[in-house]
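Everything below concerns the one structure shown next.
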Amino acid sequence: MKENQLIKYTGGSRIGSRNLTIPFASLHIEKDKIELKSTGFKTLTFKPENLVDIEEVYFVPFIAQGIRIKHNKSEFSENIIFWSLTTPEKIIDLIKKNSLIQGNPRSENSSSKRNKKTSIPPIAIVSIFTLIIFGGTMIYQDSKKFDKYTTLTKDAEIQLEVKNMRVDHGSSYINRSYIVPMGTKLISNRPKWFKEKHQPIGGKDSDQNPYFNDLYKPFTILKSSNSFELKVIKNSDTLIFELPDPDRKDPNDPTFKDLFEQLTKN
């Protein structure tokens, strides 16, 4: 963690019409700025002079709650929301405590607004539970359709010409047989032809290296056993990717299990 970084919240985000669920975004509150980092998007940086207001957002308690960042930066979307399991009041109080925004960032009637929005009628509750059950069924069925695939791990050994590839939830499904897990990142030099499929805000390439799922077929992959390195040969170039280590844990980026344990303790 950087020296001037005060705290980091893991959550989701909404930038314009694009929405990322938890935990694919993070809010960094530092002494002189706020940064919203979202997977696949450019990092959005706000200094005190850019912040107009911070509002609480309560659509559904714990499921859809967070803060709306109102700003004066014309190059950013007007609709910017950070979703979090942490209560919006706590996040806003920290922002206010560090003088990142002048005055009271919460509107005077925020409490009444919250009370109105959290007073959910019975039919809405039934609808929410119906959607949860339906969504759970769809997720279960979706997870079963890849049971016959083999996930590439440290112990895998393979040499394969990739002719068919699809990306689903960040993972790459190749030749209807193998799965390259989400987070497989380029660690070698990046050739000029290798671009990110989804350009960040502003239309410029980000500074971070692309991922395996940014590749376009055809190409050849080679992997030796007892290694997280995955070689890709394409356009006469050899690229080296690193498979994610399931045993590696970043204390600054909690998992769903960590978040659940934190909630149950509270």
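Here segment 204-238 is the region considered, the condition is being part of a loop (DSSP other than H, G, I, E, B) and among the hydroxyl-bearing types (S, T, Y), and the residue that is modelled with the lowest pLDDT is S206.
Residues of segment 155-176 that are surrounded by 13 or more Cβ atoms within 10 Å (Cβ to Cβ) and at positive phi: G170, N175. For segment 90-108, check the following and say yes or no: at least one residue is modelled with pLDDT under 75, surrounded by 10 or more Cβ atoms within 10 Å (Cβ to Cβ) and part of a helix (DSSP H, G or I). For segment 90-108, residues modelled with pLDDT under 75, surrounded by 10 or more Cβ atoms within 10 Å (Cβ to Cβ) and part of a helix (DSSP H, G or I): absent. Against the numbered list (1) of a type in the set (D, E); (2) without any contact (Cβ under 8 Å) to a residue 40 or more places away in the chain; (3) in contact with a strand residue (DSSP E or B) (Cβ under 8 Å, 6 or more places away or on another chain), E56 comes up short only at (2). Quick one: in segment 212-228, which of the residues that are touching a Phe, Trp or Tyr at 6+ places or on another chain (Cβ under 8 Å) and touching a residue at least 40 places away in the same chain (Cβ under 8 Å) is surrounded by the fewest Cβ atoms within 10 Å (Cβ to Cβ)? Only one residue fits best here, namely L215.
Within segment 28-78, the set of residues being surrounded by 20 or more Cβ atoms within 10 Å (Cβ to Cβ), of a type in the set (F, W, Y) and not in a strand (DSSP E or B) comprises F41, F76.
The values are calculated or read from the model by the stated rules, or taken from the named source; none is laboratory data. Since the structure is predicted, the reported quantities are computational estimates derived from the model, not experimental observations. Neighbour counts are summed over all protein chains in view; Cβ atoms, including those assigned to glycine, are modelled from backbone coordinates with ideal geometry.
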